[in-house]
C-alpha cells in the first residue's frame, strides 16, 4: 500500500478535492484506490500521533488504525486529506509559515512508518492567504494572528524545506491555488493516481464557483462538441471562457487589512512568484501548472 497525504493548505482546497474523490469512490476502488471519509481518520490520526509522541507505531497499532480508517485494507493506494496535517489554523504562523510542518507531518507518517508515502500540497499567495486565514481563525473564536507578522518575510519554500527535511525520500507534488481552476483535472489525477482514461463525475465544482451559469453551460457544450486534445488545449479553452464569464466578485479578492496598501500587496505577490520558482527547483518536488 502507498499512503497519499493531501496536506491542504488551509484556505485553498476547502475539502473540495476529497469530496470529489468520494463521489467517485466506487470507480476508484476498481483501480485499487481507497478514499475513506475524513470523519473516519482525522481525529483518530491526531489522537494516535499524540500517543506515539513521534515514535513509530507497532504492527498491532498500525493494523488497528488501518482497520478503523478503511474497509479496503488490501488497497494499493489510500488517500488521506486534512489541511491540519500541517498545523491547526491558529498556529500556522508561529515562527514563520507552517514552521512546524515537517515535524508535525513526520509524526503522522510514523503511524505507518514502513508504508510508502507521498505528499500533496496547494499553496497560495500570502497577499490573499493571510486575510483568509485570519478570517478562518476569527470565525473559530481565536484572536488576531497577524499582529507582528511581516508578510514579506513569509516563504512557502521554508515550509517545503522543513517538510522534506523531516520526511526524506517522500515525494511532494505542489500547485498554486490561484491556478486550480485551470489544472483541477491534473490535481485530481495526481492525488488519486487514477488511470488517465478514467472518467470522473462532478469534476467541475471549482469552475462552477467562479464562472456564471451561462458560461458553464457554454463551456460544457463547447467541450462536448470540440473535446480538448491535450492538457494545454483544455487550459486554453478554460482560460478563454473565464476571461468572458468569470464572476469578478469571486475572482478578485479585496484586501482590507489595516496598513495594507496596494503597493504592499503587489510586493508580496511578486515575492510569492519568486518563491514559487524557488520551490520548482527543489529536488523531490513536482509543481503542477505552467
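Just so it is clear, none of the values below were taken in a lab; they were calculated from the coordinates. Quick caveat: nothing in here was measured; it's all calculated off a predicted structure. We place every Cβ from the backbone using ideal geometry, glycine too, and count neighbours over all the protein chains shown.
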* **Zero-based 10 Å bins, Cα pair distances in segment 196-290, whole percents** => 12, 30, 33, 22, 4
* Which residue fluctuates the most in the chain, going by a Gaussian network model with Cα springs under 10 Å, if the choices are 65, 18, 35? -> 65
* Equivalent-ellipsoid semi-axes of segment 3-138, from the Cα gyration tensor, Å, largest first -> 26, 19, 11
* Structure fact -> antiparallel share of DSSP beta bridges within the chain, to nearest 5, in %, is 5
* Asked: Pick from 180, 147, 208: which is most flexible by mean-square fluctuation in a GNM of the chain where alpha carbon atoms under 10 Å apart are linked?
  -> 147
* Residues of segment 28-55 with amide N under 18 Å of the 7 Å Cα→Cβ point at residue 74 -> 28-35
* Spacing of the two label points (7 Å from each Cα toward its C-beta) at residue 114 and residue 201, in nm -> 3.9
* **segment 74-151: mean projected area of Cα convex hull, nm²** => 6.3
* At 0.36 nm per residue, minus the direct Cα-Cα distance, what do residue 280 and residue 14 gain on full extension? Give it in nm, one decimal, please. => 93.4 nm
* To do: Could you tell me the largest-minus-smallest coordinate of the C-alpha atoms of the chain on each of the three principal axes, in descending order and whole angstroms?
  => 56, 51, 37
* Asked: What ranking do 77, 53 get, fewest neighbouring Cβ atoms within 10 angstrom at the top?
  -> 53, 77
* Asked: In the Gaussian network model of the chain, springs joining C-alpha atoms below 10 Å, which of 204, 150, 114 carries the largest mean-square fluctuation?
  -> 150
* How many nm separate the modelled label positions at residue 42 and residue 212, each set 7 Å beyond the Cα in the direction of the Cβ? -> 3.5
* **Extension gain from residue 88 to residue 257, taking 0.36 nm per residue of separation minus the Cα-Cα distance** => 58.7 nm
* **MRE, 222 nm, helices only [DSSP H, n ≥ 4, -39500 (n - 2.57), over the chain, to nearest 500]** => -14500 deg cm²/dmol
* Asked: For residue 244 and residue 269 in the same chain, what is the full-extension length gain: residue separation times 0.36 nm, less their Cα-Cα distance, in nm?
  -> 6.6 nm
